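Before any comments, here is the structure.
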Amino acid sequence: TGTRTRTRTRTPTPSARARMSSVLAVWEGEAGEEEEEEEEDDFGPMRPASDDDKDEDDDDDDVGPRPPADFDRALPARKKRKKKLKFENLYLSKLPNAKMYEKSFMHRTPLSHLCVTKTQFLVTASVDGFLKFWKKTPGGIEFVKQYRAHMEPIVSVAVSSCGFYCCSASTDKTVKIYDVVNFDMINVINLTYTPSSCEWIHEQKSLRGALLAVGTGTGKIHIYKAGGSNDPIETLKPHNAAVEFMKFNEKYKIVVSTDTKGMIECWSTTTFKTPTNMKWSYKTDTDLYDLRKSKTTATSLSVSPNGRLFAITATDRKIRIFKFTTGKLMRIYDENLQRYNKQQQDEDSIFRLDNIDFGRRMAVERELEKEFEDRSKRIPASNVVFDQSGNFILYPTLLGVKVVNLHTNKLNGLLGMVENTERFVGLALFQGIPQAEGLSTVASLGASQALSAGNALDAKRAAIQQEDPCVFACAYKKERFFLFTRREPDEEGRDIFNEKPMKKLGSVVANPATSMGNVAVIHTTMGDMTLVLFPKECAKTVENFVTHAKNGYYNDTIFHRVIKNFMIQGGDPLGDGTGGESIWGGEFEDEFHRNLRHDRPGVLSMANAGPNTNGSQFFITTVPCPWLNDKHTVFGRLSKGMDVLKAIEGVHTTDEKPDEDIKIISIDVVT
């Protein structure tokens, strides 16, 4: 006893297959037990390789238990089965693959943020506080609208998971909310603190139920109703340092947030506490302390569309991919500069660059690394974006934009490597079928989500030819953003000059009459109205109106008087028609002009209590009002937004005051 006998018998009977499971299970069984095998298969410990075995096909992995520790005979090397992603080529066909960017578009100053919505809009922001809306079209993008959203730098831009809303937070202590589909500013939340980040934490398409989280420099997170007041409905404190990034996972109703000390926290959007629908009870069971242990902090945060993964880039130049429900690290990609130096020294490397080009890129990397430490410069971070399937990630590097297969852990593409004058940073990805003329947004959105739903081989085959995947990329110290598609650039030119260069703008001598402003955009809770001003004819009146607008005097005031088939009146900070004063204090004189009359709907005119009693109140006519000529100063006309004017005119009123307040959110003035 105590010894083990292994008797090998060969038999062609089919019964051997039936006994496969039992043979595998009794490797540690009683002495003298026999193991049976067929001629084609070997079960149990493998014998040493012989000359006869060299010609045998050994493609399949060996089945059976491992040999004992003292088994010192040589064993043939086992071949590892290569991981393969099912439908890999199909997924790759939904991603850009061009080596050069196809087109680029301008802001007046370097970009700080860009993001893509499910409703097929692109939102871009620049360091001077401007926000632009672009519509994805077949073969490119189309400019829609521009806002001077903030007078100070924008710290965060976020779009809702439904794609219908966008928000921007700024150091001017405001959060502004936009209707993406109608590209209107619909609300302003005034804060008593400087926000550090913002994020939509609700998937509802109704603004009434949408919730917005705003991070602070103290680690607190305030929850607001997007269509509500300036008061938060909930406050939580998951961090002890400034909250830098927040991302909402729509599938699990959980937000992941990071702070400046490297802590990663998860909290539920229903209870605002630690989630209970995760596969861990204590953070020590996860890898969420990895940033803190590595003494690094996050520079970007993103969640995959299917909610299974989230990715963090950090100051140590590592990309960490986490499994969402377990909090465990799945992959770490090291983009340390030492790796690129070693790669450059390898003469056989396919990524080897010209030495001069490589030296210049390394110098830019060091400069970028140094300037990124100063967060006040608002340099876009090198973020990670997931494709719709969650199998691929894209992120910018020194060499270009890498496309990595998470399933096989291999590099599948490199965009923009030949673009040696741009260092790409922030990314956004569009996948799907751009909405064509006559196709509704909902129908187009449903078609673009077919891939993420796993229906890659269904009846949508006919629509594949229309898909136009596109990567939008910012670049370091560039006033442009760049489009990578599956097409190479045209010979006619790819850099679109949609803005005047700042040097030319600065060289133009300002005209005193026009420097006050030629156009005013009144943002209301019912939409926007654009008005042309007349500073030459009514210099003092326009100066008063423009200065009040720029100082925020009209912000959050209401249209307190609305009379159908006559006019709408606002500009009173008291909201009852008895308040308001000029920028000089008190009242100022009328400015009548023979060519400016109350002869049409949409005339902007000053309200008064008699001759030369102008203050801050104004009105806009909805019909011609010739009896008001030479009694009220006409200083502007409506050029766009007549539908908004008529909508305000048609609201239900009591004693000429609307039953529900119609607010002036803000007034932007364009010179």
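The values are calculated or read from the model by the stated rules, or taken from the named source; none is laboratory data. In this text the structure is predicted, and so the values were computed from the model without any measurement. Cβ coordinates were reconstructed from backbone atoms using ideal geometry, including for glycine residues, and neighbour counts include every protein chain displayed. To get the accessible areas, we keep the full protein, side chains included, count just its heavy atoms, and leave off ligands, DNA and RNA. Shrake-Rupley method; radii C 1.70, N 1.55, O 1.52, S 1.80 Å.
For this structure, a couple of remarks:
- The one condition from (1) open to solvent by less than 10 Å² (accessible area, probe 1.4 Å); (2) modelled with pLDDT of 80 or more; (3) farther than 23 Å from R339 by Cβ that S444 does not meet is (2).
- Within the stretch 124-139, tally of residues that are at positive phi and open to solvent by 10 Å² or more (accessible area, probe 1.4 Å): 1
- Considering S382, S349, the condition of being surrounded by 19 or more Cβ atoms within 10 Å (Cβ to Cβ), out of contact with any Asp or Glu (no Cβ under 6 Å at 6 or more places or on another chain) and at pLDDT 85 or above is satisfied by S382 alone.
- The strands (runs of 3 or more DSSP E) falling completely within the stretch 297-341 that include 1 or more residues that are surrounded by fewer than 19 Cβ atoms within 10 Å (Cβ to Cβ) and more than 22 Å from the chain's Cα centre (by Cα) map to 329-334.
- Residue selected from the stretch 288-301 under the condition without any contact (Cβ under 8 Å) to a residue 40 or more places away in the chain and among the aliphatic types (A, V, I, L, M), by the criterion nearest to I379 (Cα to Cα): L291
- Selection within the stretch 226-258 - polar (S, T, N, Q), open to solvent by less than 40 Å² (accessible area, probe 1.4 Å) and over 23 Å from the mean Cα position of the chain (by Cα): none
- For the condition closer than 17 Å to L638 by Cβ and open to solvent by 40 Å² or more (accessible area, probe 1.4 Å), R561 does not qualify.
- The C-beta contact set for the stretch 259-287 (first residue surrounded by 18 or more Cβ atoms within 10 Å (Cβ to Cβ), second residue at pLDDT below 90 and part of a loop (DSSP other than H, G, I, E, B), distance under 9 angstrom, 6+ apart or interchain) comprises T269/H202.
- T578 vs. criteria open to solvent by 80 Å² or more (accessible area, probe 1.4 Å), under 38 Å from the mean Cα position of the chain (by Cα), at pLDDT below 90 and β-branched (V, I, T): no
- Pair list, Cβ < 7 Å and 6+ apart or interchain, from the stretch 327-356 residues that are of a type in the set (G, A, S) to residues that are part of a helix (DSSP H, G or I) and surrounded by 11 or more Cβ atoms within 10 Å (Cβ to Cβ): S349/Q343
- When the stretch 538-547 is filtered for residues that are in contact (Cβ under 8 Å) with a residue 60 or more places away in the chain and either open to solvent by 10 Å² or more (accessible area, probe 1.4 Å) or β-branched (V, I, T) (or both), the ones remaining, listed by number, are T541, V542, V546.
- Residue list for the stretch 95-105, filter: open to solvent by less than 20 Å² (accessible area, probe 1.4 Å) and under 19 Å from the mean Cα position of the chain (by Cα): L95, P96, S104
- Evaluation of S639 against the conditions (1) touching a residue at least 40 places away in the same chain (Cβ under 8 Å); (2) more than 17 Å from K564 (Cβ to Cβ); (3) assigned to a loop (DSSP other than H, G, I, E, B) shows that the sole unmet condition is (3).
- Test: residue in the stretch 578-597 that is closer than 19 Å to K536 by Cα, in a loop (DSSP other than H, G, I, E, B) and of a type in the set (F, W, Y): yes
- A residue that is at pLDDT 90 or above, on the phi > 0 side of the Ramachandran plot and open to solvent by less than 20 Å² (accessible area, probe 1.4 Å) cannot be found anywhere in the stretch 604-615.
- M246 meets each of the listed conditions (1) touching a Gly at 6+ places or on another chain (Cβ under 7 Å); (2) free of Cβ contacts under 8 Å to residues at least 24 places away in the same chain apart from (2).
- Residue match in the stretch 391-403 (condition: over 28 Å from S196 (Cβ atoms) and open to solvent by 20 Å² or more (accessible area, probe 1.4 Å)): yes
- In the stretch 123-170, the residues that are without any contact (Cβ under 8 Å) to a residue 24 or more places away in the chain and among the β-branched types (V, I, T): none
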